[in-house]
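Working notes, structure below.
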Amino acid sequence: MPHKPITRAALLVYGILTLLVLYLPIAAIAFASFSKARYLSFPIERYTSQWYGKALESSTVSDLIVTSFKVAFAVMLVSVVAGFFGALAFARYRWRFRGVFQKFVLLPIFFPQAVLGLALLMWFNAIGVTPTWQTAIAAHLVWIAPIATLVIAIRAYGFDPALEEAARDMGAGYWQILREITLPLLWPGVVSAGLFAFLLSWGNFPLSLFTTGADLTLPEWLYAKMVSGYSPLVPSVGSMTLALSLILLLASAACIRLTGRRRRRANGGEG
Amino acid sequence: MASQTVLRLEGVTKRFGSFTALDSITLDIADGEFLTIVGPSGSGKTTMIRLLAGMDAPSSGEIYLSGNRITHLPANKRPTCMVFQSLALFPHRTVGQNIEFPLKIRGLDRAARRARAMELLQLLRLPAGYYGKGVMQCSGGERQRVALARALAFDPEILFFDEPLSALDYRLRKTLEKELRALHRQTGKTFVYITHSLEEAMAMSDRIAIMRSGRIVQTGTAAEIYNTPKDRFVAEFMGEVNLFPVEGTGGGHFKGLAEPLQAGTATLALDAAARATLMVRPEFVRFLAPGEMADCSLEGELHNEFALGSRVQYEVGLPGGRALTVEKLAEARFDGNYGDHVTLGFDLAHSHLIREA
């Protein structure tokens with residue numbers, strides 16, 4: 001049924017407003033990164049790409065990227081593995097304390113991150129661990145692994161337990177079932193969870209602020225530079241951070257589409 | 001039984017907490033037979049098939065396969081295979097990949113797997129082109145056949161079926177029942193089928209086991225169970241039935257306890273003062289013309305008539321307030337009006353005496 005003209009107009013206005021509110025600030029940062037001025041100001045008078053060149057040459061910036069990447073990558077790996085098995089416990093198996101597990105495992109998602117970061121810092125001090133980028137991995141995991149678990153669990157809910165039983169009934173052992181049935185069926189959830197984990201860690205500020213010690217991640221550096229000693233590299237580094245997130249998003253979307261297509265084309269009998 | 005026992009259950013009990021799902025089941029399943037286990041939901045039939053397939057272990061009792069104890073052997077080590085209620089086809093795989101799954105697990109090479117899959121497609125009357133089709137693109141009936149083909153690819157000694165036809169519409173179910181029966185003859189394998197549908201059981205099986213509250217109440221051929229049920233539950237479960245409580249009056253004579261039964265000279269094997277239930281199926285009750293005789297007769301009033309296609313069913317009110325069901329073939333329809341006074345009769349040769357403890 002076609003909508004009335006007034007409804008169509010309202011939807012259009014709503015859509016444009018939403019996009020503006022969501023993306024205008026981000027676009028502003030991208031514009032600012034090309035400004036020749038040393039300080040953030042609008043309108044931009046002269047454009048240049050020199051800050052990108054400087055940022056790429058800067059050893060500080062490359063250190064930041066490496067640190068942030070190491071943390072995000074480790075968080076992604078651990079979150080996906082923990083989330084995969086956690087999701088099976090969450091959604092697939094009936095066990096005595098499942099109800100309790102389901103509630104408590106998701107709770108950290110709703111903790112104020114600053115409080116969580118502070119609490120973890122106090123713990124690291126109490127047990128005598130010096131905070132570095134490695135402790136930040138542990139801190140990020142407290143918040144991100146539950147999210148990865150939830151993302152995979154949603155997928156796991158939609159799958160018939162009889163599939164694993166049938167595979168077992170036809171002679172498959174645990175690892176064969178995992179490889180042939182469970183993993184392929186949960187795969188889209190696993191990819192999404194990995195992506196979430198990486199991006200949430202990559203962009204995380206509050207947890208990193210408390211738990212990286214002397215090391216700095218990209219968001220921390222951006223904040224530090226805004227508070228004191230502003231650098232004209234800030235908008236360009238911020239834009240590059242954002243660009244990497246976007247590239248990852250697009251790559252994983254392509255990855256999911258490709259595996260889907262390959263699966264549909266794989267009619268030959270090899271799984 | 002003449003043929004050899006392939007699967008034997010001895011005092012198999014399964015408890016879930018304080019609930020006893022299976023209560024000391026002892027059952028022999030003969031090699032090559034088509035046995036259907038029928039029971040209402042909650043009777044323990046699903047628990048039973050899961051124990052037989054090795055997906056659960058009994059709390060006590062033993063299970064033997066060809067004489068070897070397999071009570072605690074897990075499903076992947078048993079030479080048996082189950083067709084699940086949901087069919088459990090792998091949605092991320094093609095028809096061919098589904099059928100080949102057990103062969104792949106067994107380590108067969110690709111060419112051998114493909115050859116066997118093609119044979120099975122043909123056996124189950126699926127087009128060869130379905131080999132590369134996605135399982136989710138198949139219709140309900142096609143999926144049933146794929147699930148069957150996959151189970152047969154495993155080449156099990158016994159095939160278990162957990163009501164796989166229950167989700168299908170009536171006509172498709174009827175077709176597949178016939179195909180399953182034919183497949184059983186063709187393959188010569190032992191089929192153990194569970195269902196809540198008696199009609200399905202009677203249409204397909206060599207032998208039926210009736211379950212109730214975790215126990216097997218009766219086993220036998222469809223005719224045996226239909227004609228000589230062991231108790232009222234089985235009698236009522238096996239379709240429409242008329243049950244008359246009776247008491248012996250000595251010398252094999254008897255009287256009706258709920259309504260007056262005019263008994264002729266025929267007698268029952270019932271002691272004086274002993275109570276039992278006399279069962280008559282609706283098709284063996286006749287409308288008596290004046291002067292016509294039967295072993296047993298009673299008076300009533302015609303209440304209702306139901307056309308069932310090939311048959312007609314009548315509901316006759318009895319003096320005690322109960323109703324009696326009579327069934328005739330449509331061509332032998334009784335010509336009466338509602339409210340008519342009728343005389344009904346049946347012969348004891350067509351009745352069955354149920355004695356319950």
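The values are calculated or read from the model by the stated rules, or taken from the named source; none is laboratory data. These figures come from a predicted structure and were not determined experimentally. Quick reminder, even Gly has a Cβ in these numbers, built from the backbone with ideal geometry, and neighbours come from all protein chains shown. Ligands, DNA and RNA are excluded from the accessible area calculation, which covers all protein heavy atoms including side chains. Shrake-Rupley method; radii C 1.70, N 1.55, O 1.52, S 1.80 Å.
Remarks
- A:PHE85 being surrounded by fewer than 18 Cβ atoms within 10 Å (Cβ to Cβ) and either on the phi < 0 side of the Ramachandran plot or touching a residue at least 40 places away in the same chain (Cβ under 8 Å) (or both): yes
- Of the residues making up region B:244-271, those that are among the acidic types (Asp, Glu) and either open to solvent by 70 Å² or more (accessible area, probe 1.4 Å) or assigned to a loop (DSSP other than H, G, I, E, B) (or both) are B:GLU259, B:ASP271.
- For region A:237-251, the criterion of being surrounded by 20 or more Cβ atoms within 10 Å (Cβ to Cβ), in a helix (DSSP H, G or I) and touching a Gly at 6+ places or on another chain (Cβ under 7 Å) is met by no residue.
- The residue list B:ALA128, B:ALA149, B:ALA182 contains one member that is at pLDDT 90 or above and either within 12 Å of chain A (Cβ to nearest Cβ) or open to solvent by less than 30 Å² (accessible area, probe 1.4 Å) (or both), which is B:ALA149.
Yes/no per residue for (1) outside any helix (DSSP H, G or I); (2) within 29 Å of A:LEU141 (Cβ to Cβ); (3) out of contact with any Phe, Trp or Tyr (no Cβ under 6 Å at 6 or more places or on another chain):
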| position | (1), (2), (3) |
| --- | --- |
| A:ALA9 | no, no, yes |
| A:TYR14 | no, no, yes |
| A:PRO25 | no, no, yes |
| A:ALA72 | no, yes, no |
| A:GLY83 | no, yes, yes |
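- The helices (runs of 4 or more DSSP H) found wholly in region B:105-214 and carrying at least 1 residues that are in contact with a strand residue (DSSP E or B) (Cβ under 7 Å, 6 or more places away or on another chain) occupy B:140-153, B:170-187, B:198-204.
- Here B:LEU159 clears all of (1) touching a Cys at 6+ places or on another chain (Cβ under 7 Å); (2) more than 18 Å from B:VAL38 (Cα to Cα) except the condition numbered (2).
- Number of the exception - A:PRO188 against (1) without any contact (Cβ under 8 Å) to a residue 40 or more places away in the chain; (2) open to solvent by 20 Å² or more (accessible area, probe 1.4 Å); (3) more than 20 Å from A:ILE65 (Cβ to Cβ); (4) not hydrophobic (A, V, I, L, M, F, W, C): (1)
- B:PRO282 vs. criteria in contact with a strand residue (DSSP E or B) (Cβ under 9 Å, 6 or more places away or on another chain), on the phi < 0 side of the Ramachandran plot and either free of Cβ contacts under 8 Å to residues at least 60 places away in the same chain or surrounded by fewer than 16 Cβ atoms within 10 Å (Cβ to Cβ) (or both): yes
- Hits in region A:126-136 - residues which are surrounded by fewer than 15 Cβ atoms within 10 Å (Cβ to Cβ) and at pLDDT 90 or above: A:ALA126, A:ILE127
- Condition check for B:PRO91: within 14 Å of chain A (Cβ to nearest Cβ), in contact with a helix residue (DSSP H, G or I) (Cβ under 6 Å, 6 or more places away or on another chain) and surrounded by fewer than 17 Cβ atoms within 10 Å (Cβ to Cβ): yes
- Residue in region B:63-70 that is in the same structural domain as B:ILE158 (by TED's automatic domain parsing), farther than 18 Å from B:ARG212 by Cβ, surrounded by 18 or more Cβ atoms within 10 Å (Cβ to Cβ) and among the aromatic types (Phe, Trp, Tyr) present: no
- Residue within region B:65-76 that is within 30 Å of B:THR26 (Cα to Cα), more than 9 Å from chain A (Cβ to nearest Cβ) and touching a residue at least 60 places away in the same chain (Cβ under 8 Å) present: yes
- Screening region B:95-114 for residues that are open to solvent by less than 20 Å² (accessible area, probe 1.4 Å) and closer than 15 Å to A:ILE181 by Cβ and picking the one that is farthest from the other protein chains (Cβ to nearest Cβ) gives B:ASN98.
- So B:ASP155, is it more than 13 Å from chain A (Cβ to nearest Cβ), acidic (Asp, Glu) and more than 15 Å from A:ALA166 (Cβ to Cβ): no
- Any hit, region B:77-88, residues being over 27 Å from the mean Cα position of the chain (by Cα) and either in contact (Cβ under 8 Å) with a residue 12 or more places away in the chain or facing another protein chain (nearest Cβ under 8 Å) (or both): yes
- Residues that are more than 11 Å from chain B (Cβ to nearest Cβ) and in contact with a Leu (Cβ under 8 Å, 6 or more places away or on another chain) within region A:150-181 comprise A:LEU150, A:ILE152, A:ARG155, A:ALA156, listed in sequence order.
- Unmet criterion (only one of (1) away from every other protein chain (no Cβ under 14 Å); (2) without any contact (Cβ under 8 Å) to a residue 40 or more places away in the chain; (3) of a type in the set (Gly, Ala, Ser)) for A:SER201: (2)
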